[in-house]
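K.L.:
Mind having a look at this structure? Questions to follow.
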Amino acid sequence: MLLLLLILDRLWKHVAVVYFFGRPRPRLTRPPALVSILQPILSGDPTLAACLAANLQARSCLAREFIWLLDDTDTAGQAICQSLQARFPGQTVRLLLLPRPAQGQNPKIVKLIQGLAAARGEVVCVLDDDTMLPDDGLEQCLPFLDQPGVGLVFGLPYQVHFDNLWSRLIAIFVNSNSLLTYIPYTTLSAPFTINGMFYALRRPLLEALGGFDGLETWLADDFAVAQRVVASGHRLVQTPLRHAISIHVTDARHYLGLMQRWFIFPRESLLRHLRPRQVAILCGVALVPAVAPLLAVAWLFAQPTALNLGLVLAYFLLCLLSFAHLNGCYLFTATPWRHLWLVIVLQLIFPLQLLVALLSPQRIRWRGHVIQVERGGGFRFVRRREE
């Protein structure tokens with residue numbers, strides 16, 4: 001029964017993704033005079049310069065201003081940004097140097113508060129420094145802001161950095177889960193959180209909601225912003241915009257630390273603050289199916305019948321075919337075909353990684369910072385990175 005449910009779950013999710021991308025898309029009826037793109041930046045990833053440059057080079061018919069928000073002590077980041085300003089003189093790029101946030105204040109939110117105060121655009125976008133918008137990405141996303149009751153729109157991430165084994169594992173994790181996690185649950189519920197790598201709001205609404213002020217103590221800043229928008233009676237909308245991300249993972253410790261951070265965030269934010277129905281949807285769509293493949297293999301060893309073997313093989317073949325189709329049709333073949341086998345590897349080791357993350361101390365490492373995550377989504381710096 002478990003194996004049949006796994007197969008049906010995968011088929012349902014695949015159909016949901018295909019249907020999502022096949023729906024008619026609205027057109028941009030109210031083009032903003034200016035779009036302000038706020039980018040909190042912290043050096044440390046070797047692909048940072050390439051990511052920032054890609055956004056400056058991305059084609060758009062809309063007027064844009066990039067507001068780059070850096071710590072005044074981040075000399076490496078400042079050098080990268082100043083070099084890009086000189087390289088792309090035709091782009092409007094403003095560099096704001098800010099003091100380090102106080103203990104217990106989210107560096108990204110503190111930067112966004114200052115960035116919003118400096119922004120001049122009618123639409124405000126938040127864009128992570130490891131995220132790259134495609135050509136006409138704003139034109140794909142912003143029309144959804146014109147729909148009745150919509151307060152915030154966001155996109156879908158996929159990873160493009162495959163330079164070493166650990167980066168490949170992260171890339172496969174992202175690319176094999178992004179579409180199948182973010183999209184299907186929206187058929188059961190209105191979105192109750194967002195992917196914080198890129199999102200957009202109209203500035204008058206954002207300012208009416210208090211901007212980003214008051215969210216400084218939340219570690220999961222994307223969830224905090226989403227909840228503020230939902231609490232105001234506005235909708236979150238998942239758009240078909242797909243944006244690339246680039247994360248260079250140096251070694252096994254970095255890989256495990258990154259996965260731990262991604263698991264701890266939803267546990268201490270979503271699972272402790274959502275309503276029971278929303279928690280049930282999250283677990284039913286994301287967590288239970290993610291753990292089930294390893295249980296299915298364990299069941300096969302316990303009950304090694306021909307039928308069970310056939311069902312297990314059918315399930316993993318379905319997963320490979322499903323991913324190959326989504327990768328080719330909707331993720332621009334971001335994952336090289338030669339790495340396809342890693343999809344099965346990730347499915348089998350994911351439950352073990354989840355268990356390790358749940359049992360490990362709630363400390364995360366992020367570009368040199370060591371952060372203690374508190375129950376309910378707060379945090380404190382254990383050690384800050386040395387610039």
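K.L.:
Karplus couplings for segment 169-182 from phi (6.51 cos²θ - 1.76 cosθ + 1.60, θ = phi - 60°), rounded to Hz, Gly and Pro as x?
P.N.:
After applying 6.51 cos²θ - 1.76 cosθ + 1.60, I find 4, 5, 4, 5, 4, 5, 5, 8, 10, 4, 5, 7, 9, 6 Hz.
K.L.:
Now for a separate question. Based on the inverse mean of 1/r over its pairs of different Cα atoms, what is the Kirkwood hydrodynamic radius of segment 1-159, in Å?
P.N.:
17.8 Å
K.L.:
Would you mind counting up the charge near ILE183? Only other residues with Cβ under 15 Å from its Cβ, with Lys and Arg at +1 and Asp and Glu at -1.
P.N.:
Once positives and negatives cancel, what remains is +4.
K.L.:
Let me ask you something else. Determine the gain in length on full extension of the stretch GLN82-ALA306; use 0.36 nm per residue of separation and subtract their C-alpha separation, reporting nm with one decimal.
P.N.:
Here the answer is 74.3 nm.
K.L.:
Within a Cβ distance under 9 Å of PRO107, other residues only, what is the Lys/Arg minus Asp/Glu net charge?
P.N.:
Net of charged neighbours comes to +2.
K.L.:
For segment 167-288, just the Cα set please: Rg and Dmax, both in angstrom.
P.N.:
15.3, 45
K.L.:
Work through the residues other than SER36 whose Cβ is under 10 Å from its Cβ and net out their charges, Lys, Arg +1 and Asp, Glu -1.
P.N.:
Local net charge: +2.
K.L.:
Here is a follow-up. Considering amide H positions built from the backbone, and no H for Pro or chain starts, which residues 5 or more places from HIS243, or on another chain, come under 5 Å of its amide H?
P.N.:
LEU156, TYR158
K.L.:
Using only Cα atoms, tell me the angle between helix 107-118 and the longest principal axis of the chain; keep it within 0 to 90° and round to the nearest 10.
P.N.:
The angle comes out at about 40 degrees.
K.L.:
Between LEU165 and VAL356, what length in nm is gained on full extension when 0.36 nm per residue of separation is reduced by their alpha carbon distance?
P.N.:
Here the answer is 66.7 nm.
K.L.:
Could you list which residues have their amide H under 5 Å from that of LEU98, counting only those 5 or more apart in sequence or on another chain, with H placed in the peptide plane?
P.N.:
LEU70, ASP71, ASP72
K.L.:
Given that just one value was derived from the coordinates, which of (1) 34, 24, 21; (2) 33, 28, 23; (3) 106, 42, 19 is semi-axes √(5λ) of the Cα gyration tensor in Å?
P.N.:
(1)
K.L.:
Any idea what the relative contact order of segment 1-82 is, in percent, if you count C-alpha pairs under 8 Å spaced at least 6 apart?
P.N.:
Dividing the mean separation by the residue count of segment 1-82 yields 35 percent.
K.L.:
7 Å from Cα along Cα→Cβ at both LEU2 and ASP146: what's the point-to-point distance in nm?
P.N.:
Inter-label distance under the simple model: 5.1 nm.
K.L.:
Relative to the longest principal Cα axis of the chain, at what angle does helix 221-231 sit, 0 to 90 degrees, rounded to 10?
P.N.:
Relative to the chain, helix 221-231 is tipped by roughly 90 degrees.
K.L.:
When the Karplus curve 6.51 cos²θ - 1.76 cosθ + 1.60 is applied with θ = phi - 60°, which whole-Hz ³J(HN,Hα) does each residue of segment 38-47 get, with x for Gly and Pro?
P.N.:
Once rounded to whole Hz, the list reads 8, 10, x, 10, 9, 5, x, 9, x, 9.
K.L.:
Tell me what the chain gives for mean residue ellipticity at 222 nm when only DSSP H runs of n ≥ 4 count, each as -39,500 (n - 2.57), the sum divided by the residue total, rounded to 500 deg cm²/dmol.
P.N.:
One gets -15000 deg cm²/dmol as the mean residue ellipticity at 222 nm.
K.L.:
Packing-wise, with mean Cβ within 10 Å as the measure, how do 79-86, 222-229 rank, highest first?
P.N.:
Ranking the peptides 79-86, 222-229 by packing returns 222-229, 79-86.
K.L.:
Between GLY151, GLY121, GLY90, where does the largest GNM mean-square fluctuation fall for the chain, given springs only between Cα atoms within less than 10 Å?
P.N.:
Looking only at GLY151, GLY121, GLY90, the largest GNM fluctuation is found for GLY90.
Laboratory data are not the source of any read-out in this text; all were calculated from the coordinates shown. What you are looking at is a predicted structure, and each value in this text was computed from that prediction instead of being measured. All Cβ positions, even for glycine, are placed from backbone atoms using ideal geometry, and neighbour counts span all protein chains on display.
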